[in-house]
1. Taking the condition part of a helix (DSSP H, G or I), assigned by TED's automatic domain parsing to the domain that holds residue 104, free of Cβ contacts under 8 Å to residues at least 12 places away in the same chain and surrounded by fewer than 20 Cβ atoms within 10 Å (Cβ to Cβ), does residue 163 pass?
2. In this structure, is residue 237 part of a helix (DSSP H, G or I), under 21 Å from residue 189 (Cβ atoms), under 28 Å from the mean Cα position of the chain (by Cα) and without any contact (Cβ under 8 Å) to a residue 12 or more places away in the chain?
3. Test residue 139 against the criterion of being closer than 19 Å to residue 112 by Cα and either part of a helix (DSSP H, G or I) or touching a strand residue (DSSP E or B) at 6+ places or on another chain (Cβ under 6 Å) (or both), and give yes or no.
4. Return yes when residue 54 is in a helix (DSSP H, G or I) and modelled with pLDDT of 65 or more and no when it is not.
5. For region 306-342, how many residues are at pLDDT below 70 and either touching a helix residue (DSSP H, G or I) at 6+ places or on another chain (Cβ under 6 Å) or surrounded by 10 or more Cβ atoms within 10 Å (Cβ to Cβ) (or both)?
6. With the condition kept exactly as written, say whether any residue in region 276-286 is on the phi < 0 side of the Ramachandran plot, loosely packed, with under 14 Cβ neighbours inside 10 Å and part of a helix (DSSP H, G or I).
């Protein structure tokens, strides 16, 4: 009985020990499996996160490249716009000369004999073109005018007459281009004479307040005095390029065909050499120039009144004279001056009288 009881306890404890051992082995295997699974899951999570970071990095790089591309495009557009604005700021004559110089260079070289002295006229007229380029522009313009005249003439007249009209238009354009610089010089001189009293008073005011002569001329160049502002700007540029004030003013006097401006230059040069109160001298010159302008305007007004009376007399007498001549001619019978002819003469003579009147008024216009 005791032996059976001992065996039962042994068997029980053996079974319990086996269960504990099995449980430990299962726990050990489970922990090993868990250890194997957890690194795999962790590595998958790390891989996924790394992939997301890589994708974010790629997106960031794409955005940076896109931003750089957009900035580069914006910068290029800004450069193109700046170049376009600079191109538009250039004078039309300069751009046109570059276009016409190559095809018309050789004809322009042959026509240079007809343009003697054109370099001095271009300099005085402030046309920033070399003589050969200006002649090329004039030659190209005359060719285009001639071709246009021929095309229009072919539609209205016989071919021979159309060719003659085209040739005449080309020659007229060539002569007009040849005389343009000299006419521009005269127009600039007239404008100078009109503005110089105000310029002299402006300079006298600056000099009286203690401002120097170069600063005063700089102020004139930045003001709105038309041609005189341009010319004083050229004087300042000449002085900055190394010329003395005396030489720059002498060049100004040579460029402009204006007696009041020449008097101003002489007085400034004399004051620079000998000294004196230049402000009072400029005020005196301004008063003298203004007085001359008033006198010439008075004479112009008186001559204009006389011309107006002559035009009114002619415009009233000529129609009456034509009517009387037509009536007398029709009464005599077989005369050549009929009513229709008189009407045509009237329609031609009245505008002709008006044109003559306007031309005469323009010629009597004072230059100061």
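1. Judged against the criteria, residue 163 is not a match.
2. yes
3. yes
4. Against the criterion (in a helix (DSSP H, G or I) and modelled with pLDDT of 65 or more), residue 54 qualifies.
5. 8
6. Looking for residues that are on the phi < 0 side of the Ramachandran plot, loosely packed, with under 14 Cβ neighbours inside 10 Å and part of a helix (DSSP H, G or I), one finds at least one in region 276-286, hence yes.
The values are calculated or read from the model by the stated rules, or taken from the named source; none is laboratory data. It should be emphasised that the depicted structure is a prediction, and the values quoted were computed from it without experimental measurement. Counting neighbours? That spans all protein chains shown, and the Cβs are built from the backbone with ideal geometry, glycine included.
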